[in-house]
1. Check Glu125, Glu109, Glu94, Glu139 and return the single one that is acidic (Asp, Glu) and exposed (fewer than 13 other Cβ atoms within 10 Å of the Cβ).
2. On the basis of being within 30 Å of Asn24 (Cβ to Cβ) and surrounded by fewer than 16 Cβ atoms within 10 Å (Cβ to Cβ), does Thr87 make the cut?
3. Between a residue in segment 133-147 that is over 18 Å from Phe113 (Cα atoms) and any residue that is surrounded by 13 or more Cβ atoms within 10 Å (Cβ to Cβ) and aromatic (Phe, Trp, Tyr), which pairs come within a Cβ distance under 7 Å, given they are 6 or more apart or on different chains?
4. Just one of (1) surrounded by fewer than 14 Cβ atoms within 10 Å (Cβ to Cβ); (2) of a type outside the set (Lys, Arg); (3) modelled with pLDDT of 95 or more trips up Gly36, so point out which.
5. Under 7 Å by Cβ, and 6 or more places apart or on different chains, what pairs join a residue from segment 98-121 that is over 16 Å from Tyr133 (Cβ atoms) with one that is assigned to a strand (DSSP E or B) and charged (D, E, K, R)?
6. I'd like the full set of residues that are β-branched (Val, Ile, Thr) and surrounded by fewer than 16 Cβ atoms within 10 Å (Cβ to Cβ), limited to segment 62-84.
Amino acid sequence: MFRLETEVDKARRDLLRRRLRDTNTAASPVLRALRGTPDERESPLHVWASDPSGNLAGGLVGHTWTTWLHVTYLWVDAPHRGKGLGTRLLTTAEHLASTERACTASRLETWDFQAPAFYRKQGYEVVCEIPDYPPGITEYTLTKRLG
């Protein structure tokens, strides 16, 4: 008989993540061939921009894994939008990922009211569209070849 629990538990979440990665690595010849442990293959990649007063003007939070950059968040403060800062943040992350971490591709998710047109302009292509996620909104997954 199994006991099911629903509380948030960071230690269990991390244990589950490690075990899933170990299972996936064991099952995939491609993942087994990669150098380093699964945790060593994933590295945070952040790019920050401050205005002349030292306030946060924008930033990009992501990570690299195997040969991919995954952009998790890209945000530019309203007074700085439309001035190329988002492009600079993204191209800096792409450059670091490709030149310092041997990444060959990038991926990200965005909603229809956020920035799909911006990412397309940067060379990203929509590879997945999920309507009504959340209700009334469409989520897009986009990818781009780097280098």
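1. Working: Glu109 fails: exposed (fewer than 13 other Cβ atoms within 10 Å of the Cβ); Glu94 fails: exposed (fewer than 13 other Cβ atoms within 10 Å of the Cβ); Glu139 fails: exposed (fewer than 13 other Cβ atoms within 10 Å of the Cβ).
The conditions single out Glu125.
2. Details: within 30 Å of Asn24 (Cβ to Cβ): no; surrounded by fewer than 16 Cβ atoms within 10 Å (Cβ to Cβ): yes.
Considered against the rule, which asks whether it is within 30 Å of Asn24 (Cβ to Cβ) and surrounded by fewer than 16 Cβ atoms within 10 Å (Cβ to Cβ), Thr87 comes out as no.
3. Thr143/Tyr124; Lys144/Tyr124
4. Evaluating Gly36 over (1) surrounded by fewer than 14 Cβ atoms within 10 Å (Cβ to Cβ); (2) of a type outside the set (Lys, Arg); (3) modelled with pLDDT of 95 or more leaves (3) as the failure.
5. Going by the 7 Å Cβ cut-off, the qualifying pairs are Thr104/Arg145; Ala105/Lys144; Ala105/Arg145; Ser106/Lys144.
6. Correct list: Thr67, Thr72.
The values are calculated or read from the model by the stated rules, or taken from the named source; none is laboratory data. What you are looking at is a predicted structure, and each value in this text was computed from that prediction instead of being measured. Cβ: placed from backbone, ideal geometry, glycine included. Neighbour counts: every protein chain shown.
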